[in-house]
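The values are calculated or read from the model by the stated rules, or taken from the named source; none is laboratory data. Since the model is a prediction, treat every value here as computed from it, not as a measurement. Using ideal geometry, Cβ is built from the backbone for each residue, glycine included, and neighbour counts are taken over all protein chains shown. Side chains included, ligands, DNA and RNA excluded: accessible areas come from the protein's heavy atoms. Shrake-Rupley method; radii C 1.70, N 1.55, O 1.52, S 1.80 Å.
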Amino acid sequence: MSADFVFEVDNLEKNFGGLAVTRNVTLAMRPGDRVALIGPNGAGKTTFVNLVTGHLKPDSGKVRLGGNDVTHFKPTQRVHHGLVRSFQVTRLFLDMTPEEHIALAILQRSGKSGRMAGNYISHPGMLFEVDELLSTLGLTAMRHMKVREIAYGQQRLLEIALAMALRPKVLLLDEPAAGVPQSDTGRIEEALSKLPGDLAVLMIEHDMDLVFRFAKRVIVLAAGEIIFDGSPTDVTRDPRVREAYLGSYGHDRNVA
């Protein structure tokens with residue numbers, strides 16, 4: 001593959017017993033790519049995420065970050081190489097504030113997470129970065145509130161802020177709008193639109209309207225293998241995708 005790619009997956013395979021859950025998956029992303037990975041329940045999306053982030057070991061295939069083979073790296077090592085993931089369900093500390101969460105993430109990135117204890121306040125550079133992330137994600141007004149006191153949609157935004165605090169080269173968003181009321185999904189979209197232009201983003205999402213507004217490229221996974229990799233316009237016209245996943249949604253968009 002080209003040296004221009006920041007993230008590469010080459011012929012990834014995973015079997016559980018006699019069941020193939022990931023079958024010859026190959027994809028690559030360049031800096032700035034906005035890619036959506038979609039597919040029906042049971043398509044293997046979660047397994048794929050766990051394989052590329054190091055939470056599962058593949059039976060065969062390679063994962064590369066910036067040209068470096070990280071196939072056998074632990075999850076934390078992959079984070080240090082620039083692959084950062086958000087989760088379907090928030091994993092936040094309910095009695096900590098958004099400001100404290102982001103400061104802790106910055107300290108973790110710099111290898112100083114043992115120095116939390118409020119000392120981050122005395123570091124102007126860190127506070128500037130915290131302020132910037134809170135502002136970008138629209139969280140400044142609740143910076144000192146406990147997480148348990150803020151809305152779920154804002155908690156999802158905080159998770160994106162935490163991921164950004166780790167300064168990823170590749171950001172993997174696992175259903176960022178899951179559980180968020182429809183009235184709040186606009187905040188998620190606005191946050192995604194403010195992500196750095198050179199950041200490669202791979203988003204797994206079931207909200208097809210969000211997918212089509214966000215993605216410049218769509219990859220469809222079905223029965224553990226990629227059945228489509230192309231533009232959002234073309235995906236609605238692909239008969240295999242309609243049969244496997246989109247159904248009437250694809251037909252309606254094509255008619256429109």
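It is to be established whether one or more residues within segment 162-173 are more than 23 Å from ARG30 (Cβ to Cβ) and in a loop (DSSP other than H, G, I, E, B). Explain how you work it out, then say what you get.
Initial filter on segment 162-173 (more than 23 Å from ARG30 (Cβ to Cβ)): 162, 165.
Subset that is in a loop (DSSP other than H, G, I, E, B): none.
Looking for residues that are more than 23 Å from ARG30 (Cβ to Cβ) and in a loop (DSSP other than H, G, I, E, B), one finds none in segment 162-173, hence no.
Quick check on this structure: which one of VAL201, VAL170 is within 17 Å of ARG34 (Cβ to Cβ), touching a Lys or Arg at 6+ places or on another chain (Cβ under 8 Å) and in contact (Cβ under 8 Å) with a residue 40 or more places away in the chain? It would help to see each step written out before you state the result.
Details: VAL170 fails: touching a Lys or Arg at 6+ places or on another chain (Cβ under 8 Å).
Just a single option satisfies the conditions, and that option is VAL201.
The test for being modelled with pLDDT under 95 and either open to solvent by 30 Å² or more (accessible area, probe 1.4 Å) or within 13 Å of the chain's Cα centre (by Cα) (or both) does not hold for ARG217. When restricted to residues that are modelled with pLDDT of 90 or more, in a helix (DSSP H, G or I) and over 17 Å from ARG109 (Cβ atoms), segment 120-155 contains 9. Cβ-Cβ contacts under 8 Å between residues 6 or more apart (or on different chains), taken from a first residue in segment 41-54 that is under 18 Å from VAL70 (Cβ atoms) to a second residue that is open to solvent by 10 Å² or more (accessible area, probe 1.4 Å) and part of a helix (DSSP H, G or I), are listed as THR53/PRO75; GLY54/PRO75; GLY54/GLN77.
Annotation note: Cβ proximity below 7 Å between a residue of segment 58-71 that is on the phi > 0 side of the Ramachandran plot and a residue that is of a type outside the set (S, T, N, Q) and open to solvent by 60 Å² or more (accessible area, probe 1.4 Å) (sequence gap 6+ or interchain) occurs for GLY66/HIS81; GLY66/LYS169; GLY67/ALA3.
For beta carbons closer than 6 Å, sequence separation of 6+ or different chains, a first residue in segment 206-221 that is closer than 17 Å to VAL180 by Cα and a second that is outside any strand (DSSP E or B) and open to solvent by 20 Å² or more (accessible area, probe 1.4 Å), the qualifying pairs are MET208/TYR249. Quick check on ARG34: is it of a type in the set (Lys, Arg) and over 18 Å from the mean Cα position of the chain (by Cα)? Spelling it out, it is not the case that ARG34 is of a type in the set (Lys, Arg) and over 18 Å from the mean Cα position of the chain (by Cα). The strands (runs of 3 or more DSSP E) located wholly in segment 5-101 that include 3 or more residues which are at pLDDT below 95 occupy 19-29. Here the condition is being of a type outside the set (Gly, Ala, Ser), without any contact (Cβ under 8 Å) to a residue 24 or more places away in the chain and part of a loop (DSSP other than H, G, I, E, B); of ARG242, ARG237, it holds for ARG237 alone. Considered as a group, the residues in segment 220-231 that are small (Gly, Ala, Ser) and open to solvent by 30 Å² or more (accessible area, probe 1.4 Å) include one that is farthest from ARG34 (Cα to Cα), and that residue is ALA223.
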